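A short write-up of the structure that comes next.
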Amino acid sequence: MIVLGIETSCDETAAAIVNNKREILSNIILSQLEEHAVFGGVVPEIAARAHLLHIEDVIKAAMYDANIQFSQLDAIAATCGPGLIGGVMVGMMAGKAIAASQKKPFLAINHLEGHALTPRLTENISFPYLLLLISGGHTQILVVEGVGKYQRWGTTLDDAAGECFDKSAKLLGLGFPGGPHLEKTANACLNTKEALSRFPLPVPLKGRDNCDFSFSGLKTSVRNHVEKLGRYSLTQKDKADLAYAFQITMSEILADRCSKAIQRFKSVYGNKTEIPTLVIAGGVSANLTIREGLENLTKQHNVQLSTAPLGLCTDNAAMIAWAGLERLNLGRNSDSLAFKALPRWPLDPNAQASHRQKNNG
Ligand code: KG4
Ligand code: ZN
C-alpha cells in the first residue's frame, strides 16, 4: 500500500509518500522560516497564504521523487488538525481534491497522532509505549496503547516547551525559531559551572506526584535575569551562560516529569512489556542536551529510549502518511470529504473517536 501524506498545520508545507513496508519514498518539506523570522514568530495569515502558494509544487515534487502517479496511490492522508486553521484547510482541501478526482480514500489525520506513531515508522516499536511530545504548541505525556488509543497522563498548565524555548530565545535577542538558536548559543558557554551559579533558574513542579508541566516560571526567571543585566547590554558571554542554564533546567524539568511517568507506566503495564519504551517526539526533541538528559534517566530506570531521526522529529508529512497507513492496515474506513478542519483536536481517549464521528457528519 502506498499513501500520500500532506502536512500544513504550522509553518512547514510538506508532502511525502510512504508505503506499508515502512519505506519513505519521498519526503518534501518547505519551511517558511524566512517569511516569519522578521515577525519573531509564526503569523497565521502569512502561513496560510504561503501554504496556498506552494502546496501544489510540494505535492508534485513528492510524487516526482517517489516516481509514482496519483493512480498508484492507495489513499491520501492529510492533517486536519490541530493547528493554525487557515493552513490546515489548505493541505486538507488539496488532499480532498486529489482523493475526489482519483476516487481514492481520504484519511483525516490528527497531527499529534502523526508524531505519536512516528516511532513505529522508524523503529517498528510495539504498543504500548510512553510518549513525551514536546513541540512548539504541545507538551504532553501520553500512553500510546494502539492506533487511535491514547491516554493523556500529563500536559502543560501554561506554555509549551517549544514556546518557552522560543520566548526565552527572543528575550536573549536570538533569532527565530528560538530552540535551535538557543541550543547553538548554549554550546558557546565556556564555564558551565559558573553559568549555573550566575543564573539560578526554577524547576517548576519538581517532585510533584503527577505528570503535568509548567514553564511560565522558568520564562519569567529568564526575563528577570535579562532585565537585571539590561536587555540591550547583554554580552555574548551573558547570552551563552544564560542559554546554557536555561537548557540544563529545561532538561531537568522534562526528566523529572518523565521519571514520574515511567514509574506509573511500570506499575500499570509492568507485565505487558518486557522493557518499557519512552519515545520522544516533536521539534524540541531535536535538542541534544534534552536527549542526553533523557538517555541518563532511561538508563537509570532500565527503560529503552526511542528518538526519531532529527528530520522526523520536527513537522513533516511522512508521519502523516504513516498514520494513514496504520489506519489502513487495521481496515479502518476512509473519512468523509465533508470532514471539517479542527483547530483543536486532543489525543484523549474519547476525543479521537468522537471528533472523527462528529466531523464526518
Ligand atoms: O514539532 P515542531 O516542528 O512544530 C510544532 O510545534 O508542531 O516543533 C517546533 C518547536 C519550536 O518551538 C522550536 O523552537 C523547537 O521545536 N525546536 C527546538 C530545537 N529544534 C526545534 N527546541 C530546542 N532545541 C532544538 N534544537
Ligand atoms: Zn508538530
* To do: Can you tell me which residue within region 122-152, out of those that are of a type in the set (Gly, Ala, Ser) and within 14 Å of ligand 2 (Cβ to nearest atom), is nearest to ASN329 (Cα to Cα)?
  => SER135
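Quick one: is ARG198 in contact (Cβ under 8 Å) with a residue 60 or more places away in the chain, farther than 25 Å from GLY283 by Cβ and open to solvent by 30 Å² or more (accessible area, probe 1.4 Å)? First the steps, then the outcome.
On the way: in contact (Cβ under 8 Å) with a residue 60 or more places away in the chain: no; farther than 25 Å from GLY283 by Cβ: yes; open to solvent by 30 Å² or more (accessible area, probe 1.4 Å): yes.
No: the conditions fail for ARG198.
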* To do: Quickly run through region 174-214 and pick out the residues that are of a type in the set (Gly, Ala, Ser), at pLDDT below 95 and part of a loop (DSSP other than H, G, I, E, B).
  => GLY175, GLY207
* Across region 1-32, what is the total count of residues that are more than 16 Å from ligand 1 (Cβ to nearest atom), open to solvent by 10 Å² or more (accessible area, probe 1.4 Å) and of a type outside the set (A, V, I, L, M)? -> 5
* Report, ordered by the first and then the second residue, all pairs with beta carbons closer than 6 Å, sequence separation of six or more or different chains, a first member in region 133-161 that is free of Cβ contacts under 8 Å to residues at least 40 places away in the same chain, and a second member that is more than 16 Å from ligand 2 (Cβ to nearest atom) and in a loop (DSSP other than H, G, I, E, B). => GLU145/PHE127; GLU145/PRO128; GLY146/PHE127
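I want to confirm something. Restricting to region 153-176 and keeping residues that are within 16 Å of ligand 2 (Cβ to nearest atom) and out of contact with any helix residue (DSSP H, G or I) (no Cβ under 6 Å at 6 or more places or on another chain), which single residue is least open to solvent (accessible area, probe 1.4 Å)?
Taking region 153-176 as the starting set, the residues that turn out to be within 16 Å of ligand 2 (Cβ to nearest atom) are 155-156, 159-166.
Filter again for out of contact with any helix residue (DSSP H, G or I) (no Cβ under 6 Å at 6 or more places or on another chain), leaving 155-156, 160, 163.
Details: THR155: 33, THR156: 29, ALA160: 3, GLU163: 57 Å².
Among those residues, the one meeting the criterion is ALA160.
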* Considering only region 73-169, give the strands (runs of 3 or more DSSP E) lying wholly within it that have at least 2 residues that are of a type in the set (A, V, I, L, M). => 75-81, 106-110, 129-134, 139-146
* With the checklist (1) of a type in the set (Val, Ile, Thr); (2) over 17 Å from HIS115 (Cα atoms); (3) in contact (Cβ under 8 Å) with a residue 12 or more places away in the chain; (4) open to solvent by 20 Å² or more (accessible area, probe 1.4 Å) in hand, flag the one item VAL43 doesn't pass. => (3)
* **Cβ pairs under 7 Å, 6+ apart, first in region 283-294 and over 15 Å from THR185 (Cα atoms) and hydroxyl-bearing (Ser, Thr, Tyr), second more than 10 Å from ligand 1 (Cβ to nearest atom) and open to solvent by 20 Å² or more (accessible area, probe 1.4 Å)** => SER285/THR307
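Being away from ligand 2 (no atom under 16 Å from the Cβ), more than 18 Å from VAL3 (Cβ to Cβ) and part of a loop (DSSP other than H, G, I, E, B) is the requirement here; does ILE68 meet it? It would help to see each step written out before you state the result.
Details: away from ligand 2 (no atom under 16 Å from the Cβ): yes; more than 18 Å from VAL3 (Cβ to Cβ): no; part of a loop (DSSP other than H, G, I, E, B): yes.
The answer is no for ILE68.
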* Taking region 299-312, which residues are free of Cβ contacts under 8 Å to residues at least 60 places away in the same chain and either among the aromatic types (Phe, Trp, Tyr) or within 11 Å of ligand 1 (Cβ to nearest atom) (or both)? -> LEU310
* Asked: Out of region 140-156, which residues are away from ligand 1 (no atom under 16 Å from the Cβ) and either within 19 Å of PHE246 (Cα to Cα) or of a type in the set (Asp, Glu) (or both)?
  -> GLU145
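In region 326-339, is there at least one residue being open to solvent by less than 40 Å² (accessible area, probe 1.4 Å), part of a loop (DSSP other than H, G, I, E, B), under 12 Å from ILE109 (Cβ atoms) and more than 16 Å from ligand 1 (Cβ to nearest atom)? Spell out the reasoning first.
Here is the first cut: in region 326-339, the residues open to solvent by less than 40 Å² (accessible area, probe 1.4 Å) are 326-328, 335-336, 339.
Subsequent filtering for residues that are part of a loop (DSSP other than H, G, I, E, B) retains 336, 339.
Restricting the remaining residues to those that are under 12 Å from ILE109 (Cβ atoms) gives 339.
If we keep only those that are more than 16 Å from ligand 1 (Cβ to nearest atom) too, we end up with 339.
Yes; the residues of region 326-339 include at least one that is open to solvent by less than 40 Å² (accessible area, probe 1.4 Å), part of a loop (DSSP other than H, G, I, E, B), under 12 Å from ILE109 (Cβ atoms) and more than 16 Å from ligand 1 (Cβ to nearest atom).
Could you say which residue among GLY137, GLY178 is in contact with a Pro (Cβ under 8 Å, 6 or more places away or on another chain) and within 16 Å of ligand 1 (Cβ to nearest atom)? Let's see the steps before the verdict.
On the way: GLY178 fails: in contact with a Pro (Cβ under 8 Å, 6 or more places away or on another chain).
Among GLY137, GLY178, only GLY137 is in contact with a Pro (Cβ under 8 Å, 6 or more places away or on another chain) and within 16 Å of ligand 1 (Cβ to nearest atom).
The values are calculated or read from the model by the stated rules, or taken from the named source; none is laboratory data. These numbers were taken from a predicted model, which means no experiment stands behind them. Backbone-built Cβ (ideal geometry, glycine too); neighbour counts: all protein chains shown. What goes into the accessible areas is simple: the full protein's heavy atoms, side chains included, and nothing from ligands, DNA or RNA. Shrake-Rupley method; radii C 1.70, N 1.55, O 1.52, S 1.80 Å.
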